[in-house]
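Novice: Pasting a structure below so you can have a look.
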Amino acid sequence: GSDLSMSKSLPYSVKDVNYDNAKFRHRSPLKVLSQSMLTLSTKRNYASCSTGKFLMLILIFGIGCLLLISKGPNDSAPNEKGKVTFVGGLRLGKLLRKPPRLPPRLSPDEGQLRANGSNSDPKWAARQQSVKDAFDYAWSGYRKYAMGYDELMPISQRGVDGLGGLGATVVDALDTAMIMGHDHIVSEAGAWVEAHLLERISQKDQVNLFETTIRVLGGLLSAYHLSGGDNSTMNMTHNGPKPAVYLNVAKDLADRLLSAFSSSPTPVPYSDVILRDSTAHPAPGGMSSTAEVASVQLEFNYLSAVSGDPKYSTEAMKVLAHIKTLPKTEGLVPIYISPQSGEFVGENIRLGSRGDSYYEYLIKVWLQQGGKLNSNFTYLHDMYTVAMKGVRHLLVRKSIPKGLVFVGELPYGSKGEFSPKMDHLVCFLPGTLALGATKGLTKEKALAENLLSFEDLENLKLAEELAKACFEMYEVTATGLAPEIAYFHTEEYSEDGLEGGNKSSMYAKDIIIHQADRHNLLRPETVESLFVLYRLTKDTKYRDQGWQIFEAFEKYTKVKTGGYTSLDDVTEVPPLRRDKMETFFLGETLKYLYLLFGDDSVIPLDKFVFNTEAHPLPIKHT
């Protein structure tokens, strides 16, 4: 039976901070080459004899030629319309247009980024292509049966509007298609937005402020930037409408969403908006979710920056400034907040649903606004730092017998009982912790430049440990896919007969999965964290784990007639299926997997911040 007696808080261990970072330090092929040439010439002075000099010259000349002839980053297909490539002022004819597999030609800027890890590795290039193919398969199922609906029901082969009827899948998937270079999908999705979305927005009824902001507004703003809006040098696509189209729709939508703020008597917005008449009202029960009201700021800030109208940012930032003044428990906050009183409601503290992205946006909004360079937002970094200390002190525990580090909940506040329950949603945290620690630089660079505080090192260590627990939530099940919620076996809490179904897992006894929690909705949080951790630590295990998860999605969620589906029970093979392809499978899960297997120079983490629906927005460089 389950025994949830009062548990003593196990403070998070402070030891082992200075673990050896140099051990697996990644070196670029160029470094290796120059290093070996150096050792070569020091060991025996080959260059002193004339033959040696001649061979060295040939070698250097050869490397020079390779760099000249190498292909452009997106030239996987031959140049369209017989374009001739110009390299350093040289006109290269047909003969040189398709050299054998060589590292892509890069701008100097990208070249520096590329030194941190390149996808010249054919294995990962092939795996990245598999993800691109999966996206194509998911989109074609949606287009065939559900075009213009919010979501595809792949088994029933029809569409359904679960998010207010704004074609959410189209807008969520748009920037993923741009990043992947799926030009025909960019054209289809962009044409749909241009033809239908404004009209939909003017006619539709109730939508949720948060979901509409992160998916639809966020998707439009990313598409705007990635297609060359905002005077950006980014131009990932020449397909689809002009960037201004995306921006105009975004403004129209945001103007209506602003009613959630203006209707409320406090800075805390209502949760529901009636789009067609721009009115807003509280959710049933009157409360707003803390995560929801505190996770619209990245989007509204960026819209103000590109539209020149401060009203969006002003309204959204009032929420965070207000929450700053409220009492908290070691920086942790209850999951409900009242738009009526402006106060938190209840004592339930968790980093799963309704709590999660509050913490994520504290650090990401600070980063978006220029980080250290912008002192107006220091309060956000302070709130984040205190909160993560609170997480380490109040919510982090270890499972038994194998000692997985996980984050639990305090359903009755810090004076009440601890619950060893962890939503899959909490798996955003390893990525956010790592990002907050290195600010998007690699760990190697941040250490070399002495940029990591004691807190940063603690958070980075916790990030790596939590990522392990998140991956094991996949590993312990029969399908290799995580349940929506897991419980961890602790001294105070154990239940028999509720294992994940993979008998050979080392952690089979550490993770408990209740009957009601066994579904998988194709969620992105774990692969999101694997992506961020791979980018920042360069540890290839994160890529390997991501590939294992992708293979499980392919094996168990792919539907023969098109698309992918949620599952009802991940602990059984073959699993019972649920009939839904969530928009975030295209917007987030496949995007993060694609970026995990790809090149660091695509959407670099020191220049972009991802909203909580994986839509990248540029960081303000003040």
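Novice: Over the Cα atoms of region 489-554, each weighted equally, I'd like the Debye log10 I(q)/I(0) at q = 0.13, 0.20 Å⁻¹, rounded to two decimals.
Specialist: Taken in order of the listed q values, log10 I(q)/I(0) reads -0.51, -0.99.
Novice: Further question: Hey, what does the equivalent ellipsoid look like for region 417-567, semi-axes from the Cα gyration tensor as sqrt of 5 times each eigenvalue, largest first, whole Å?
Specialist: Result for region 417-567: semi-axes of 29, 20, 12 Å.
Novice: Here is a further query. At a 10 angstrom cut-off on C-beta neighbours, averaged per residue, how do the peptides 144-155, 493-504 rank from highest to lowest?
Specialist: 144-155, 493-504
Novice: For the charge dipole of region 517-618, defined by +1 on Lys and Arg C-beta atoms and -1 on Asp and Glu C-beta atoms about the Cα centroid, which residue among P574, N520, L533 has the Cα displaced farthest towards the positive pole?
Specialist: The Cα lying farthest towards the positive end belongs to P574.
Novice: For the peptides 200-209, 278-287, what is the packing order when you average, over each peptide's residues, the other Cβ atoms within 10 Å and list the highest mean first?
Specialist: Descending packing order for the listed peptides: 200-209, 278-287.
Novice: Take the alpha-carbon centre of region 190-208, take the same for region 551-622, and report the distance between them in whole Å.
Specialist: Each part reduced to its Cα centre gives a spacing of 24 Å.
Novice: Along region 423-434, what does the Karplus equation 6.51 cos²θ - 1.76 cosθ + 1.60 (θ = phi - 60°) give for ³J(HN,Hα), rounded to whole Hz, x for Gly and Pro?
Specialist: Taking θ as phi minus 60°, the curve returns 5, 4, 4, 5, 5, 5, 5, x, x, 5, 4, 5 Hz for region 423-434.
Novice: For region 399-411, what does the Karplus curve 6.51 cos²θ - 1.76 cosθ + 1.60, with θ = phi - 60°, yield as ³J(HN,Hα) per residue in whole Hz, taken in order and with x for Gly and Pro?
Specialist: Karplus-based 3J(HN,Hα) across region 399-411 equals 7, 10, x, 9, x, 6, 8, 9, 10, x, 10, 10, x Hz.
Novice: Long-range amide H contacts for A280: which residues qualify at under 5 Å (H placed 1.01 Å from N, peptide plane, sequence gap of 5 or more or a different chain)?
Specialist: Amide H to amide H, under 5 Å and 5 or more residues apart or across chains, A280 pairs with I274.
Novice: Per the Kirkwood treatment, what hydrodynamic radius in Å, one decimal, follows for region 119-214 from the mean inverse distance over all distinct Cα pairs?
Specialist: 14.4 Å
Novice: How high is the relative contact order of region 127-285, in percent, counting Cα pairs under 8 Å that sit 6 or more residues apart?
Specialist: For region 127-285, the relative contact order is 19 percent.
Novice: Follow-up. Could you work out the relative contact order of region 133-212? I mean the mean sequence separation of Cα pairs under 8 Å and 6+ apart, divided by the number of residues, in percent.
Specialist: This gives 24 percent for region 133-212.
Novice: Direction-averaged shadow area of the convex hull around the Cα atoms of region 266-358, nm²?
Specialist: For the Cα atoms of region 266-358, the hull's average projected area reads 6.5 nm².
Novice: Then there's this: Counting each pair of different Cα atoms once, what's the Kirkwood radius of region 200-299 in Å, rounded to one decimal?
Specialist: Evaluated on region 200-299, it is 14.3 Å.
Novice: Please report the orientation-averaged projected area of region 357-496, defined via the convex hull of its C-alpha atoms, in nm².
Specialist: 9.8 nm²
Novice: What number, in percent, do you get for the relative contact order of region 365-422 if the mean sequence gap of Cα pairs under 8 Å and at least 6 apart is divided by its residue count?
Specialist: 19 percent
Novice: For region 398-463, report the translational diffusion coefficient in µm²/s to the nearest whole number, using Stokes-Einstein at 10 °C, 1.306 mPa s, and a Kirkwood Rh over Cα pairs.
Specialist: Result for D is 116 µm²/s.
Novice: With θ set to phi - 60° and the Karplus curve 6.51 cos²θ - 1.76 cosθ + 1.60, what are the ³J(HN,Hα) couplings of region 504-511 in order, to the nearest whole Hz, using x for Gly and Pro?
Specialist: 7, 6, 5, 9, 3, 8, 7, 10
Novice: Would you pull out the residues with amide H under 5 Å of V345's amide H, same chain only if 5 or more places away, H placed 1.01 Å from N?
Specialist: It is Y336, I337, S338, by chain and number.
Novice: Based on the Cα atoms of region 550-622, what semi-axes does the equivalent ellipsoid have, where each is the square root of 5 times one gyration tensor eigenvalue, given in whole Å with the largest first?
Specialist: Its equivalent ellipsoid spans semi-axes of 32, 13, 10 Å.
Novice: Could you list which residues have their amide H under 5 Å from that of H489, counting only those 5 or more apart in sequence or on another chain, with H placed in the peptide plane?
Specialist: For H489, whose amide H was placed from the backbone, the distant partners under 5 Å are I400, I511, I512.
Any read-out appearing in this document is the output of simple, stated calculations on the displayed coordinates, not a laboratory observation. Since this is a predicted model, take the numbers as computed values, not measurements. Glycine gets a Cβ as well: all are built from the backbone with ideal geometry, and neighbour counts include every protein chain shown.
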